[in-house]
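Have a look at the structure below, then the notes.
The values are calculated or read from the model by the stated rules, or taken from the named source; none is laboratory data. This one's a predicted model, so the numbers in the text were calculated from it and none came from an experiment. In this analysis, Cβ positions are derived from the backbone assuming ideal geometry, glycine residues included, and neighbour counts consider all displayed protein chains.
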Amino acid sequence: MMELTALLRSGRFRGWLYQTAVVSVACLILISFVVTARHNLVAQGITTGFDFLQRSTGWDIPFALISYTINDPYWRVFLIGFANTIFVGTLGLIFATLFGTFIGIARVARNPLLNALGTVYVEIFRNVPLILQGLLWYAILTRLPSPRQAISIWDSIFITNRGLYIPFVAMSHGTFLFIASVFVLAGFAIALLPRLAGIGTSRSGFRRLVRTALLTAAAIAVAAVIGARDPQAGLITIPMLKGLRFEGGLRVTPEFTALFVAIVCFGSAYVAEIVRGGLLSVNRGQLEAAGALGLRPFHVYWYVRIPLALRAIVPPMGNQFVWLMKATTIGIAFGFSDLFMITSTAINQSGQTIEILFIMMSGFLLINYVISTAMNALNRSIALKGYETKGT
Amino acid sequence: MSALAASTARYRHGMEPFATVLVRRMFATWHDAAISIVCLAFVIWLLPKLIGWAFLDAVWSAPNATPCIGGAGACWAVITARWRLIIFGLYPFDQHWRSGLACLAVVVVVVLSCVPALWRPVRLSLLWLGGFLTFYFLMRGGVFGLSLVGTERWGGMALTLFIFTAVAVLGMPMAIILALGRQSELPAIRWLAGLLIDTVRALPLLTVLFTAAVILPFALPDWLIGDKLYRVIYAFALFFACAQAEIIRGGLQAIHAGQLEAAKALGLGYWHRTWHIVLPQAFRNSLPATINQFVITFKETSIVIIIGFFEVLASGHAAYGTGDWTSAYAEVYVFIALIYFAFVFSLSRYGAHLEKRMRLGHD
């Protein structure tokens, strides 16, 4: 008895006791989940495992970057969902960043009018839920005139309730995929070459690497479009009204546009706040010193203020990017087929609940991981190095 | 530049009216003037249209949508006709006062939480718990002679506020436990808390809620399944807790190591140290970020519409989706946006004010 109380009083023993208790409870919960789920699935006659990935789906997807028919297998559907999420997310992030930076600069401008406009923009779009914005844009877009009464701009861009039709480079799905993968490869080259092959480790060397990789990818893309073109059709297709619908050109669906616009408006308001915070964090003395050296206001901005502000901007921006990427899931509210919508449809149709959930979670974990790794690398590469940190 | 500084100085000393300074700033240099003219043109183009739509040409009340058709202005008549549906959802009509009082209780709780005199753990917990229970019993009834109304009939703004307060009340203790777990000296607990926090934070909120609503019933024994609303609230609270835990962790890490060492030297045990020394300081450090997290959570409650709940967005849908109001969708969305804006804007202004006030002591 004495020994037991002594043992209980020992911090180390209690530590072990707590840990064992917590871990066993966690294991118990997990095991009971799995057992119950298996039991219920067996009762419904569903065999667990990933064999269903080879089965054909039997349902259609309204928006797919990769060609798709209802006879295609499940793995292709998930690939499409993943590609759609990345596509709308990346485009949204790029435009939100550009637009947000502009607004953030406007918010610290001396001009009171520009300042006020920036503030109004940020407050409106930041304080209204993203999904409400998406639903409003979607409601507006689907109430536009029908194709026959389309609003046309220079007879080549048509705005209708079935989507936006714009002239586009003529290319097949295969060519598009090829070009997309070339750019992804270029991205990998930029990310990995400095560490693996020692190319572009210096700052100017890295810039050269980025330039070379992107230019090569662009050159290959142009060559692919020209090489694979249909000689009769020409290089660019322009939408034309045929009967009740448009043919040719590129159709941007209202679902995509609504999600994209909502992400850009909401995201840019947040980006603007981050940029504003970064610009304000730059020490005034540095700017005055730059001015005293005779730099013009624009040069002070471009060569002193923005580079210094970047160090305060990049870390929160990474979190914002991850958040926006995850926020694309709200597209399901108006039927944009992202990874989440595909997931929920697939669970409904096939009943392979656990496996599909696992696939979706892996997809989002991967996206998260890639963005945070990239932003960390960017953060490291712009961090003040060695002698530069002195004096700040 | 120097002229500008001089004019600002003159304004500060009350020698120049504000308008003069404003105009001088707008036209300080030629490109400032160019920007001002472009902005001014934009405002002059937009503002009359906006005012015309929202006020001058608007139809304020009408028994049906016919007066709105073909009009250039907003059809606010849809709000006057359907506001009860938007705010109270499908709650029994003659009991709407209960729903209204319940919403008021939540607003009072949120406003009272902004009073520094109440920033004691016990007082705040009592306030929120009291507010939550008041809300719950007013809405549900079954006591004090109030008729029973099941959660399936709750809707509109009241449901949104219910989810928000329930998530806050449940999520905050969870967040504290997770944050302390992640900082624990016991490796297994630290690791488990870290795994849970990082996994949940990497997932979109919608997928977490969807899992709770649709998939969890598969993995739970029958007696644990319960109501879909409560499953979603628990999942939402977990999501909130994981985000909030990281904020509290930031507050924990900002505490000077000497504080903890001093507490240990005084012979305080773990729980005393945590409750009296660590947590109060951690909360103080993380207050602005916490308010921000509440703001984000309030906005994100709107996501439950996708899981199939009749919250304020869904009731807005119903308000313009039925009858002849279908063309008045924008007005309904603007109305709901204004409700959200009023809440979120005032809360985030308060957060910014607090941040400024707290920084004063440090500079």
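Residues in the range A:320-344 that are of a type in the set (S, T, N, Q), within 9 Å of chain B (Cβ to nearest Cβ) and under 12 Å from A:G267 (Cβ atoms): A:T328 only.
Scoring B:G267 on the criteria (1) closer than 30 Å to B:Y136 by Cα; (2) within 14 Å of chain A (Cβ to nearest Cβ); (3) without any contact (Cβ under 8 Å) to a residue 12 or more places away in the chain; (4) among the small types (G, A, S) leaves a single failure, condition (1). Being more than 30 Å from B:T134 (Cα to Cα), at pLDDT 90 or above and assigned by TED's automatic domain parsing to the domain that holds B:L313 is a property that does not hold for B:P221.
Each residue in the range B:185-200 was checked for being facing chain A (nearest Cβ under 10 Å) and either buried (at least 19 other Cβ atoms within 10 Å of the Cβ) or acidic (D, E) (or both), and 5 pass. For A:R251, the test of being more than 28 Å from A:A333 (Cβ to Cβ) and either over 15 Å from the mean Cα position of the chain (by Cα) or crowded, with 22+ Cβ neighbours inside 10 Å (or both) is failed.
A quick yes/no check of all residues on (1) touching a residue at least 40 places away in the same chain (Cβ under 8 Å); (2) within 14 Å of chain B (Cβ to nearest Cβ); (3) touching a Phe, Trp or Tyr at 6+ places or on another chain (Cβ under 6 Å); (4) in a helix (DSSP H, G or I):
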{"residue": "A:A6", "(1), (2), (3), (4)": "no, no, no, yes"}
{"residue": "A:C27", "(1), (2), (3), (4)": "no, yes, no, yes"}
{"residue": "A:L30", "(1), (2), (3), (4)": "no, yes, no, yes"}
{"residue": "A:A37", "(1), (2), (3), (4)": "yes, yes, yes, yes"}
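Could you go through the range A:130-137 and let me know if any residue there is without any contact (Cβ under 8 Å) to a residue 40 or more places away in the chain and over 30 Å from A:I238 (Cα atoms). Checked the range A:130-137: at least one residue is without any contact (Cβ under 8 Å) to a residue 40 or more places away in the chain and over 30 Å from A:I238 (Cα atoms). Of the set (1) away from chain A (no Cβ under 11 Å); (2) out of contact with any helix residue (DSSP H, G or I) (no Cβ under 9 Å at 6 or more places or on another chain); (3) within 30 Å of B:A81 (Cα to Cα), all apply to B:I44 but (3).
Got a sec? Which of A:R14, A:R110 is within 14 Å of chain B (Cβ to nearest Cβ), surrounded by fewer than 17 Cβ atoms within 10 Å (Cβ to Cβ) and either assigned to a helix (DSSP H, G or I) or of a type in the set (S, T, Y) (or both)?
Exactly one of A:R14, A:R110 is within 14 Å of chain B (Cβ to nearest Cβ), surrounded by fewer than 17 Cβ atoms within 10 Å (Cβ to Cβ) and either assigned to a helix (DSSP H, G or I) or of a type in the set (S, T, Y) (or both), namely A:R14.
There is no residue in the range A:172-184 that is in a loop (DSSP other than H, G, I, E, B), over 25 Å from the mean Cα position of the chain (by Cα) and more than 14 Å from chain B (Cβ to nearest Cβ). The lone criterion from (1) over 29 Å from the mean Cα position of the chain (by Cα); (2) on the phi < 0 side of the Ramachandran plot left unmet by A:G243 is number (2). Criterion first (assigned to a helix (DSSP H, G or I), more than 14 Å from chain B (Cβ to nearest Cβ) and closer than 24 Å to A:I359 by Cβ) does A:L53 satisfy it? Yes. Would you point out the residue of the range A:95-104, among those that are buried (at least 19 other Cβ atoms within 10 Å of the Cβ), within 27 Å of B:R24 (Cα to Cα) and of a type outside the set (S, T, N, Q), that is farthest from the other protein chains (Cβ to nearest Cβ)? Out of the qualifying residues, it is A:G104.
Restricting attention to the range B:270-306 and to residues that are small (G, A, S) and closer than 30 Å to B:A213 by Cβ, the residue that is nearest to the other protein chains (Cβ to nearest Cβ) turns out to be B:S302. One residue stands out in the range B:103-151 among those that are touching a residue at least 60 places away in the same chain (Cβ under 8 Å) and in a helix (DSSP H, G or I): the one that is nearest to the chain's Cα centre (by Cα), namely B:V110.
Condition (residue is assigned to a helix (DSSP H, G or I), of a type outside the set (A, V, I, L, M, F, W, C) and surrounded by fewer than 18 Cβ atoms within 10 Å (Cβ to Cβ)) applied to the range A:331-349: is it met by at least one residue? There is at least one residue in the range A:331-349 that is assigned to a helix (DSSP H, G or I), of a type outside the set (A, V, I, L, M, F, W, C) and surrounded by fewer than 18 Cβ atoms within 10 Å (Cβ to Cβ). State whether one or more residues within the range B:181-194 are assigned to a helix (DSSP H, G or I) and under 22 Å from the mean Cα position of the chain (by Cα). Among the residues of the range B:181-194, not one is assigned to a helix (DSSP H, G or I) and under 22 Å from the mean Cα position of the chain (by Cα), which makes the answer no. Please indicate, with yes or no, whether at least one residue in the range B:298-318 is among the hydroxyl-bearing types (S, T, Y), under 30 Å from B:R182 (Cβ atoms) and modelled with pLDDT of 85 or more. Within the range B:298-318, one or more residues are among the hydroxyl-bearing types (S, T, Y), under 30 Å from B:R182 (Cβ atoms) and modelled with pLDDT of 85 or more. Scanning the range A:154-198 for residues that are on the phi > 0 side of the Ramachandran plot and crowded, with 18+ Cβ neighbours inside 10 Å gives a single hit, A:G163.
Okay, residues lined up against (1) under 18 Å from the mean Cα position of the chain (by Cα); (2) without any contact (Cβ under 8 Å) to a residue 24 or more places away in the chain; (3) on the phi < 0 side of the Ramachandran plot; (4) surrounded by fewer than 20 Cβ atoms within 10 Å (Cβ to Cβ):
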position	(1), (2), (3), (4)
B:H317	no, yes, yes, yes
B:Y320	no, no, yes, no
B:Y329	no, yes, yes, no
B:R349	yes, yes, yes, yes
B:L354	yes, no, yes, yes
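Entry remark, the range A:132-171: residues being assigned to a loop (DSSP other than H, G, I, E, B) and hydrophobic (A, V, I, L, M, F, W, C) number 5 in total. Of the residues B:A175, B:A166, which single one is in contact with a Cys (Cβ under 9 Å, 6 or more places away or on another chain) and either surrounded by fewer than 19 Cβ atoms within 10 Å (Cβ to Cβ) or over 15 Å from A:V22 (Cβ atoms) (or both)? Answer to the selection: B:A175. The number of residues in the range B:76-104 that are touching a Ser or Thr at 6+ places or on another chain (Cβ under 7 Å), over 15 Å from B:M139 (Cα atoms) and of a type outside the set (A, V, I, L, M) comes to 1.
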